[in-house]
Amino acid sequence: MQPRLTLVTLGVEDFARALAFYRDGLGLPVETLMDDVVFFRLNDVRLGLYGRAALAEDAGVSAEGSGFRGISLAHNVATREEVDAVMDEALRAGARLVKPAQEAFWGGYSGYFADPDGHLWEVAWNPHLPLD
């Protein structure tokens, strides 16, 4: 298998709400939009939104469950100031603050927000992980 990540799909409870958050609130560029699924192009990776129950059915698993899902998504930026700006933008768009941006034990600066469905996003400046 070649090392590659091409698509991350989030199962969402309210498709219209999630679409508004990511497209209108965060300004992500829509690549494909259909009645019940959207794909945003994020350079080499795409972010998809699809109904939580439908996504679980497609995978053949139960849609039941809540709490920590064992995953977070990360948006890395070039400066500490950009971390604060992105966090502010997400909160204005309707995100819930999970962890305010702060100095991190690994030498960077980061914070967490949750989208309207509770998916965790880390916003980070990492001096050890240069942006291409």
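Nothing in this text is a laboratory measurement; each read-out follows from the coordinates by a stated rule. Worth saying up front: this structure is predicted, and the values here are computed from it rather than measured. Cβ coordinates were reconstructed from backbone atoms using ideal geometry, including for glycine residues, and neighbour counts include every protein chain displayed.
Sorting W106, W125 on the 10 Å Cβ count, fewest up front, what's the list?
Placing the least packed residue first, the sequence is W106, W125.
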Report task. Would you work out if segment 7-59 is rounded, prolate or oblate? Take a ≥ b ≥ c from the square roots of the eigenvalues of the alpha-carbon gyration tensor; rounded if a/c is under 1.5, else prolate when a/b is larger than b/c, oblate otherwise. Result -> oblate
Query - Environment charge of L19, counting only residues whose C-beta is closer than 12 Å and scoring Lys/Arg +1, Asp/Glu -1 - result: -4
Query raised in the report: Near the amide H of V12, under 5 Å away, which other amide H atoms are found, from residues 5 or more places off or on another chain, if H is placed in the peptide plane?
Result: Y50, G51, R52
Query raised in the report: Under a 5 Å amide H to amide H cut-off, with H placed in plane at 1.01 Å, what residues pair with A124 once short-range neighbours are removed?
Result: H75, N76, V77
Query raised in the report: What are the residues whose amide H is under 5 Å from the amide H of A104, where those residues sit 5 or more places off or on another chain and H is modelled from the backbone?
Result: Y109, S110
**Report entry** Rough spin-label spacing in nm, given labels placed 7 Å along Cα→Cβ, for Q2 and D44
**Finding:** 1.0 nm
Report summary line: Exposure proxy check on L49, L7, L42: fewest-to-most Cβ neighbours within 10 Å is L7, L42, L49
Query raised in the report: What list of ³J(HN,Hα) couplings, whole Hz, do you get for segment 21-28 from phi and the Karplus terms 6.51, -1.76, 1.60, once you set θ to phi - 60° and write x for glycine and proline?
Result: 4, 6, 7, 7, x, 9, x, 5
Report task. For the chain, state the semi-axes of the equivalent ellipsoid (square roots of 5 times the eigenvalues of the alpha-carbon gyration tensor), sorted largest first and rounded to whole angstrom. Result -> 25, 17, 16
Query raised in the report: Which ³J(HN,Hα) values in Hz, rounded to whole numbers, follow from the phi angles of segment 46-54 under the Karplus curve 6.51 cos²θ - 1.76 cosθ + 1.60, where θ = phi - 60° and Gly and Pro get x?
Result: 10, 10, x, 10, 8, x, 4, 5, 5
Report summary line: Quick shape summary for segment 66-132, equivalent ellipsoid via Cα gyration tensor, semi-axes whole Å in descending order, reads 20, 14, 10
**Report entry** Per-residue ³J(HN,Hα) for segment 82-98, Karplus 6.51 cos²θ - 1.76 cosθ + 1.60, θ = phi - 60°, Hz, x for Gly and Pro
**Finding:** 5, 4, 4, 5, 5, 4, 4, 4, 4, 5, 5, 7, x, 5, 9, 5, 9
Query - Inter-probe distance in nm under a simple model that places probes 7 Å from Cα toward Cβ, at I71 and L129 - result: 1.6 nm
**Report entry** Summed side-chain charge close to M87 - residues other than M87 whose Cβ falls under 12 Å, Lys, Arg +1, Asp, Glu -1
**Finding:** -2
Query raised in the report: Once every DSSP H run of n ≥ 4 in the chain is given -39500 (n - 2.57) and the sum is divided by its residues, what mean residue ellipticity at 222 nm do you get, rounded to the nearest 500 deg cm²/dmol?
Result: -6000 deg cm²/dmol
Query raised in the report: Over what distance in Å are the Cα centres of segment 109-124 and segment 62-101 separated?
Result: 1 Å
